[in-house]
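Student: Questions regarding the structure given below will be posed in turn.
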Amino acid sequence: MIIYARYTFNLDDIWMWLDVYHLRPIFNGYSPESGRFFPLASLDLNLLMLISTNPYLFFIFNALVVLLLGFVVWSISQMVLGLSALWARIVVLLLILLHPGFVTTMVGICYPERLQMLFLSLFVLSSLAFCTKPTVLYAIVGFVSANIAIYYKEPTFLMIACFGIFGLFVSAYRQYAKWILVYYISLIISAAVYLCIYFVAIYPKITSIYSRNTFDNAQEEWFIILKGLFNLASNDILLFVLLPSLVLYRIYRIVYRKSPIVLPYDVLMICALLYLGTFLKLKLFENYYLIPLYIISFSAVMYFLLVRNYIRLLFFKLLSLICLIIFAINTAPIGVNTFAFLKSEGVKLHSALGFIAKEAKAQPSLRLYFDGNGEDRKMYATWYWGYFDTYLKELYDTHNVSILFDESKLASGDYIVLNSSTSKMVDSAYLKQMGQRYELVYKSSAFGLPYVGLKPIIKAIFGHKQMLRESLYNNANIFKLPIHDYIYKVLPHNQIVR
């Protein structure tokens with residue numbers, strides 16, 4: 001609760017905080033021209049800012065979401081495994097809490113997956129309970145939570161529709177009571193309503209397809225796709241390897257061994273794969289897009305491995321072990337790094353802003369450079385320097401700072417910011433060189449952690465390969481260093497700092 005409620009900073013948060021500061025309503029989930037329609041995305045932000053614009057209010061809310069989500073996940077695990085296998089329930093909870101996608105989502109304010117996961121978890125919990133003991137209460141909770149989750153991210157309606165269709169088919173085939181069928185029919189109708197709204201209000205206005213990347217040629221597109229698939233496969237091996245393997249084995253058991261379909265577990269795994277396929281088709285590879293799949297599928301994976309005892313099979317035993325090892329040496333360290341980075345970045349940003357604003361107010365004008373940064377969005381963290389200027393003007397009332405990029409034109413009195421957004425490899429030798437050439441006037445007290453995992457290690461080993469350098473756009477900062485922010489001042493040419 002405490003660490004999640006501390007101030008933080010995330011990618012799109014940087015412009016949303018300005019809207020919060022100015023009490024401007026945020027409509028992040030409605031963009032018909034690009035086909036985006038998830039209108040509940042920023043509802044919590046708009047309601048919270050009516051109470052206060054203090055960031056701690058927003059992060060206390062996030063902390064409560066994490067606490068409640070953890071409680072629901074624990075309840076689902078207990079419903080599947082009972083009071084036994086305590087170690088398994090703890091491992092599952094850690095797999096979710098330490099995932100970089102979960103961390104990214106929960107320590108920011110810009111991601112609709114925060115509340116999407118909460119309502120999906122309630123949907124899974126109520127559906128499990130409904131399949132065990134059908135009651136009106138479980139049906140109502142499942143129906144309401146599903147309908148709310150649908151409007152937090154577009155592909156959610158596919159999962160709800162899939163769950164409803166398969167549930168209806170199996171229940172009708174087994175001649176369950178008609179009122180039980182009503183639950184699944186209501187889910188199908190809910191998904192159909194969303195689809196109708198989308199085709200009436202959004203589809204006719206689409207002028208472009210939403211994309212996180214722009215490609216100059218086919219080769220570059222393949223580079224990005226392969227890199228994205230590698231990132232997802234290494235960070236989400238549980239979804240890319242273990243889950244599909246279980247689904248294929250279940251299909252084999254159902255078709256050839258005449259094993260009955262198990263509601264809702266078989267259906268939940270199919271829903272998860274459908275959601276995964278949607279984002280692969282859209283070429284959206286960021287880790288936070290897939291974190292809801294863990295909420296949807298973890299109960300089914302636990303059930304078949306531990307309750308049906310598929311883990312006794314050598315294949316699933318080895319596969320599960322490999323997945324857990326890769327998660328432990330790659331995914332979890334990235335999650336810890338992501339948490340440290342996001343928790344320190346906001347503090348460092350405002351500390352640097354305060355220093356530059358103070359320096360600028362003592363002189364007519366100030367020229368500011370970002371070492372190893374620039375205007376190329378494919379290579380540089382342009383959001384950082386872009387909003388650095390905006391924040392200076394809107395929050396610090398500082399209007400005499402010019403941000404420049406051609407470091408060959410550095411002049412006496414100019415300032416240089418060096419932080420983890422640089423594209424250069426910053427080690428102790430580089431910091432020493434900067435300290436000798438310029439005067440160090442600022443160093444942040446807050447700091448993050450180096451980016452450690454399989455991906456940066458592979459980059460370090462094969463960084464000399466031309467193909468890899470091209471895919472990285474020659475960005476050598478594979479470990480996201482330095483962990484502190486530094487600001488230097490350019491001295492007159494006849495002065496050298498010792």
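Student: Considering Asn213, Asn217, Asn235, which residue is among the polar types (S, T, N, Q), at pLDDT 75 or above and at negative phi? Reasoning before the result, please.
Tutor: Working: Asn213 fails: at pLDDT 75 or above; Asn217 fails: at pLDDT 75 or above.
Within the list Asn213, Asn217, Asn235, the selection yields Asn235.
Conditions (1) modelled with pLDDT of 95 or more; (2) more than 30 Å from Tyr438 (Cβ to Cβ); (3) surrounded by 20 or more Cβ atoms within 10 Å (Cβ to Cβ); (4) of a type outside the set (S, T, N, Q), marked per residue:
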| residue | (1), (2), (3), (4) |
| --- | --- |
| Val301 | yes, yes, yes, yes |
| Leu313 | yes, yes, no, yes |
| Ala328 | no, yes, no, yes |
| Leu342 | no, no, yes, yes |
| Leu366 | yes, no, yes, yes |
| Gly372 | no, no, yes, yes |
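Student: Continuing with the same structure: Applying the selection to region 15-35, what residues are under 21 Å from the mean Cα position of the chain (by Cα), farther than 14 Å from Ile206 by Cα and either outside any helix (DSSP H, G or I) or basic (Lys, Arg) (or both)?
Tutor: Ile26, Phe27, Asn28, Gly29
Student: So the check is Cβ under 7 Å with 6+ separation or different chains; which pairs have a first residue in region 105-122 that's free of Cβ contacts under 8 Å to residues at least 40 places away in the same chain and a second one that's assigned to a helix (DSSP H, G or I) and surrounded by fewer than 24 Cβ atoms within 10 Å (Cβ to Cβ)?
Tutor: If the second residue must be assigned to a helix (DSSP H, G or I) and surrounded by fewer than 24 Cβ atoms within 10 Å (Cβ to Cβ), the pairs left are Phe119/Ser145; Phe119/Ile148.
Student: Another one. Cβ-Cβ under 6 Å, sequence separation 6+ or interchain: first residue in region 359-375 and at negative phi, partner among the β-branched types (Val, Ile, Thr) and in a strand (DSSP E or B). Which pairs?
Tutor: Once the first residue is at negative phi and sits in region 359-375, its partners that are among the β-branched types (Val, Ile, Thr) and in a strand (DSSP E or B) give Ala360/Val401; Leu366/Val401; Leu368/Val401; Leu368/Ile403; Tyr369/Ile416; Phe370/Val417; Asp371/Ile416.
Student: I've got another one for you. Tell me which residues, restricted to region 425-438, are open to solvent by 60 Å² or more (accessible area, probe 1.4 Å) and either modelled with pLDDT under 90 or more than 32 Å from the chain's Cα centre (by Cα) (or both). Spell out the reasoning first.
Tutor: Kept after step one, since they are open to solvent by 60 Å² or more (accessible area, probe 1.4 Å), are these residues of region 425-438: 425, 427-429, 432-433, 436-437.
Across region 425-438, the qualifying residues are Met425, Ala429, Lys432, Gln433, Gln436, Arg437.
Student: Every residue in region 400-422 that is of a type outside the set (A, V, I, L, M), open to solvent by 10 Å² or more (accessible area, probe 1.4 Å) and assigned to a loop (DSSP other than H, G, I, E, B), please.
Tutor: Step one: of region 400-422, the residues of a type outside the set (A, V, I, L, M) are 400, 402, 405-409, 412-415, 419-422.
If we keep only those that are open to solvent by 10 Å² or more (accessible area, probe 1.4 Å) as well, we get 400, 402, 405-409, 412-413, 420-421.
Scanning region 400-422 gives Asn400, Phe405, Asp406, Ser412, Gly413, Ser420, Ser421.
Student: On to the next question. If you scan region 448-493, which residues turn out to be touching a helix residue (DSSP H, G or I) at 6+ places or on another chain (Cβ under 8 Å), farther than 22 Å from Glu220 by Cα, open to solvent by 30 Å² or more (accessible area, probe 1.4 Å) and modelled with pLDDT under 85?
Tutor: Those that are touching a helix residue (DSSP H, G or I) at 6+ places or on another chain (Cβ under 8 Å), farther than 22 Å from Glu220 by Cα, open to solvent by 30 Å² or more (accessible area, probe 1.4 Å) and modelled with pLDDT under 85: Val452, Leu454.
The values are calculated or read from the model by the stated rules, or taken from the named source; none is laboratory data. Treat the numbers as computed from the prediction; the structure is a model and nothing was measured. FYI the Cβ positions are ideal-geometry reconstructions off the backbone, even for glycines, and counts take in every protein chain you see. Ligands, DNA and RNA are stripped out before the accessible areas are found, and what is left, the full protein with its side chains, is counted by its heavy atoms. Shrake-Rupley method; radii C 1.70, N 1.55, O 1.52, S 1.80 Å.
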